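The values are calculated or read from the model by the stated rules, or taken from the named source; none is laboratory data. Here the structure is a predicted model, which is why all the values come from computation and not from measurement. Ideal geometry is used to build each Cβ from the backbone, glycine not excepted, and the neighbour counts take in all protein chains shown.
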Amino acid sequence: MLSAAGTSLGLLLCGAAVPPENRDRAEVLLRWVAHHSNPTQVRPADVPGIELEWDEEWSSLLSAEEVGARWRAVEDKPDHPDRNRLLLLRRCLEQRVASRFRLLYAGSDAWLLEERDADGRELRRGGLGGERWMLYRRDGEQAQLTVIHSGIPFPGGFNVSRYHDMAVEKLRRFFHYRLPVIGLVPDPGSVVFEGETWRLALRGPGSGGVMLSGDWPAPRNEPRALGLRWLDGGESASGVPPSMVFVPATTGDASAPISGFVEDRGDGVRVRATRRASKRVGRDEVERACVRPVAASDWLVRDWSDRSVPHWENYRDSLSVTWVTHDGVDRFAITDPMGIPPPARASSSPAPAAEGSPGRSWGWFISVVLVGLVIVIIPVIVHRTMRGNT
């Protein structure tokens with residue numbers, strides 16, 4: 001497989017039985033895939049800020065009969081791990097599930113992700129410097145504003161930072177074919193060219209890997225990806241092997257290489273995304289857009305500025321999360337559930353923990369992916385859970 005340490009591609013391809021007439025193209029292909037697979041890739045390196053707009057529509061890959069049978073098996077089991085997935089599939093079968101997105105991004109310290117769904121719900125999430133926030137609004141309902149701050153604990157169910165990961169993941173889909181998220185390495189021995197088309201396997205330790213395929217239409221001097229499918233069925237809770245089909249883009253400033261995609265997810269959901277626009281923007285424009293909204297008098301505000309705020313009272317025994325960013329990467333420390341004594345005085349930040357104190361050791365940083373395992377991911381369900389606890 002292609003080594004990150006810089007192993008000679010020429011030697012690899014000679015030993016990989018790639019025909020001599022295809023080795024130059026194969027070398028370009030492998031370098032192109034390695035570039036898009038770089039885990040640090042988010043947006044084009046020469047773009048200070050990006051604005052991306054797109055639509056998504058979700059549908060069920062499973063029939064109503066299949067979903068109904070699986071739902072009956074978990075209907076009386078409120079803690080079953082498949083419940084939320086099946087609720088989503090039932091909703092997809094019963095109504096149109098679609099959202100319109102707008103994303104502005106200049107880095108982990110300046111971003112805005114807006115979403116409005118077909119039911120009129122509006123979710124705005126953003127971050128600027130050491131503050132991140134989420135605003136939920138819907139006609140006829142009370143608006144809710146949630147704010148978290150770098151280095152200050154908050155109840156785990158209010159982890160607005162996961163939406164930064166969502167924003168990055170969306171950019172990586174449109175600009176890098178989702179390859180940085182997959183985290184696998186090109187296998188030079190799998191390169192196959194058939195006319196203007198090609199395919200290449202990406203693999204990792206203990207993984208069946210994925211097959212990436214595409215074309216190389218003249219007069220382009222680089223390939224483009226058209227599809228991605230998981231080998232050996234991938235990890236699928238629905239029995240439908242995950243796959244993606246990319247719709248190539250044509251023109252446009254700061255244009256993503258694809259204008260849309262169709263993703264068959266392992267949970268039985270099909271996501272169809274269509275890009276409406278993308279353009280370069282200055283960092284100052286992004287920063288102006290992602291300033292926290294000023295709350296109206298009738299909004300429900302949960303600003304987790306410190307543990308003296310009154311709304312901590314309802315979460316005294318909740319999982320506590322502390323977020324910081326180091327070198328553009330989010331890190332999280334999780335505190336085990338425990339009673340929180342009333343603070344002696346109000347403070348704009350928690351007192352520094354003693355060296356090695358339980359639950360606050362910064363050596364316990366974990367990735368946002370692990371945080372996601374203990375926090376409900378579906379935004380609407382998260383919102384309803386929040387409201388039910390206020």
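For this structure, a couple of remarks:
- Some residue of the range 25-35 being of a type outside the set (Lys, Arg), buried (at least 18 other Cβ atoms within 10 Å of the Cβ), at pLDDT 50 or above and in a loop (DSSP other than H, G, I, E, B): no
- Considered as a group, the residues in the range 285-331 that are basic (Lys, Arg) and under 27 Å from the mean Cα position of the chain (by Cα) include one that is surrounded by the most Cβ atoms within 10 Å (Cβ to Cβ), and that residue is 302.
- Verdict on residue 112 being aliphatic (A, V, I, L, M) and more than 18 Å from the chain's Cα centre (by Cα): no
- In the range 101-122, the residues that are within 22 Å of residue 140 (Cα to Cα) form Cβ pairs under 6 Å with partners that are of a type in the set (S, T, N, Q) and part of a strand (DSSP E or B), at six or more places apart or across chains, as follows: 115/99; 117/99.
- Residues (at pLDDT 95 or above and of a type outside the set (Lys, Arg)) located in the range 110-122: 110, 111, 112, 113, 114, 115, 122
- Of the residues screened, residue 64 is not one that is under 23 Å from residue 269 (Cα atoms), out of contact with any Pro (no Cβ under 7 Å at 6 or more places or on another chain) and surrounded by 15 or more Cβ atoms within 10 Å (Cβ to Cβ).
- Condition broken by residue 251, with the remaining ones in (1) surrounded by fewer than 17 Cβ atoms within 10 Å (Cβ to Cβ); (2) at pLDDT 85 or above; (3) polar (S, T, N, Q) satisfied: (2)
- Residue that is nearest to residue 118 (Cα to Cα), among those in the range 59-82 that are part of a loop (DSSP other than H, G, I, E, B) and hydrophobic (A, V, I, L, M, F, W, C): 61
- Filtering the range 301-338 to residues that are in a loop (DSSP other than H, G, I, E, B), under 19 Å from residue 131 (Cβ atoms) and touching a helix residue (DSSP H, G or I) at 6+ places or on another chain (Cβ under 7 Å) leaves only 304.
- Flag for residue 296 being modelled with pLDDT of 85 or more and of a type in the set (Gly, Ala, Ser): yes
- Strands (runs of 3 or more DSSP E) lying entirely in the range 113-232 (those with 1 or more residues that are in contact with a Leu (Cβ under 7 Å, 6 or more places away or on another chain) and more than 27 Å from residue 103 (Cβ to Cβ)): 197-203, 210-215
Quick grid of which residues meet (1) at pLDDT below 90; (2) under 24 Å from residue 24 (Cα atoms):
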residue	(1), (2)
185	yes, yes
203	yes, yes
207	yes, no
214	no, yes
219	yes, yes
222	yes, yes
240	yes, no
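- Single residue of the range 256-298 satisfying the filter (among the charged types (D, E, K, R) and part of a strand (DSSP E or B)) that is nearest to residue 48 (Cα to Cα): 280
- Only one entry in 131, 75 is among the acidic types (Asp, Glu) and in contact (Cβ under 8 Å) with a residue 60 or more places away in the chain, namely 131.
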